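To keep things clear, I will list the structure first and then write my remarks on it.
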Amino acid sequence: MSNNIKYVIRKKIFEYQGDYYSLTDYQIGEIVGVYSSLIDAQHAFKKLNIEYLQENTLSNYNVYDIFNETELQAINQVMIQRTNIGFLDESSYMVDVLPEEFNDVDTFFFAEQLKLLAYQLEEFNDENYVIWNIEKEHYLRLPDPYGNPFDQDDDFCGELIFGKTADFLKHHAEKKRFLEQFNNEFRLYQYGELSELSEQPEQLEQTLQKYSDTWKYENSRLELQRYVQPNFDTFEAVHSLLKTPLYEIRKVDFATLKDLIDLEETREVR
């Protein structure tokens, strides 16, 4: 096994929706620990999640967008069998405070069962890929859930968009959210004859015809079709043929990746 492997613990940034924090809508934020040993990382991961539950109000989290009442009651019964006490009140609502009867093992089991883990454990090496916006000179990120993207003076900074392969946007677990921001970031308009836009005008023409449901070229204007959200393949097929690229995919080592992720804690943009 490679000595370059690092085990990283990152904190989840839950989005507040209505009266609850959503367990299904969150970003992966700052790094809170880096370990060379998986055993050490797992120990710290469990400890952080246990402490988080002990210090926060359980009823603030919307378990109901993941589980129905029958499923919650089933998990509650499991906890009663383990500890002689449950986590639902008489009205089947989550209690505010973690029951004192829960020891650390019970608490972590409870967090896993209800998907209340506030931290994520990830494995990294020195092969990572990020997207650099050439025109705006910054790396692609999700919008800051606590920032204001419409305020020009606000340096907002959301989760860094990255993967472990150069084509990670095709298959990443978060590719839906990543692609949505990717398309928002690169609304393409370029003007000129095909020979001015590309060193391979004939291939560009064929590619535009192939993806005519996504791309439009009329009156020397190249653009995405309105109301279309292209996938990475259709976007890259045209982009790779342009003389003036909008972005580049950069390979970075772990130290560089960590520096970029750490910016999320200070809400900077780079």
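To check you understand DSSP bridge types, tell me what percent of the beta bridges within the chain (both residues inside) are antiparallel, rounded to 5. Provide the component values of the computation, followed by the final result.
Numbers: 35 of 37 bridges.
Expressed as a percentage, antiparallel bridges in the chain total about 95.
Entry note, the chain: relative contact order of 20 percent, from Cα contacts under 8 Å with a spacing of 6+ residues.
Under a Gaussian network description of the chain, with springs only between Cα atoms under 10 Å, the residue in Ile134, Ile13, Ile31 that fluctuates furthest is Ile134. For the stretch 218-262, the alpha carbon convex hull comes to 130 Å³ per residue, rounded to a whole number.
If you average 1/r over every pair of different alpha-carbon atoms in the stretch 1-60 and take one over that average, what Kirkwood value in Å do you get?
Numbers: mean 1/r = 0.0756 Å⁻¹.
Taking every pair of different Cα atoms in the stretch 1-60, averaging 1/r and inverting gives 13.2 Å.
If you average 1/r over all unlike Cα pairs in the stretch 177-270 and invert the result, what Kirkwood radius do you get in angstrom?
On the way: mean 1/r = 0.0665 Å⁻¹.
Roughly 15.0 Å, rounded to one decimal.
What area, in nm² and to one decimal, does the C-alpha convex hull of the stretch 161-201 cast on average over all directions?
4.0 nm²
The largest-to-smallest principal axis extents of the Cα set in the chain are 75, 44, 38 Å. Highest GNM mean-square fluctuation among Thr83, Thr24, Thr70, for the chain modelled with Cα contacts below 10 Å: Thr70. Pairs of Cα atoms in the stretch 109-245 fall into 10 Å distance bins, from 0 up to the last occupied one, in shares of 10, 33, 31, 18, 6, 2, 0 percent. One quarter of the surface of the convex hull around the alpha-carbon atoms of the stretch 1-109 equals 8.3 nm², the direction-averaged projected area.
Please give the per residue volume of the convex hull enclosing the alpha carbon atoms of the stretch 68-141, rounded to a whole number of Å³. Please report the intermediate quantities before stating the final value.
Details: hull volume 13.2 nm³, N = 74.
About 178 Å³ per residue, rounded to a whole number.
Gap in Å between the Cα centre of the stretch 1-78 and the Cα centre of the stretch 190-251? About 41 Å separates the Cα centre of the stretch 190-251 from the one of the stretch 1-78. Build a GNM of the chain with springs between Cα atoms under 10 Å apart, and of Asn62, Asn133, Asn219 the one that fluctuates most is Asn219.
Three semi-axes describe the equivalent ellipsoid of the stretch 176-225; taken as square roots of 5 times the Cα gyration tensor eigenvalues and ordered largest first, they are 22, 12, 10 Å. Candidate cross-link partners of Lys175 among the lysines, defined by an alpha-carbon separation under 25 Å and a same-chain spacing of 8 or more, comprise Lys6, Lys11, Lys12, Lys115, Lys136, Lys164, Lys210, Lys216, Lys251, Lys258.
Once every DSSP H run of n ≥ 4 in the chain is given -39500 (n - 2.57) and the sum is divided by its residues, what mean residue ellipticity at 222 nm do you get, rounded to the nearest 500 deg cm²/dmol?
Numbers: 8 runs with 89 residues, N = 270.
Helix contribution divided over all residues of the chain: -10000 deg cm²/dmol.
The numbers here are math on the coordinates, done by the rules we state, and not lab data. In this text, all values refer to a predicted model and were calculated from it rather than measured experimentally.
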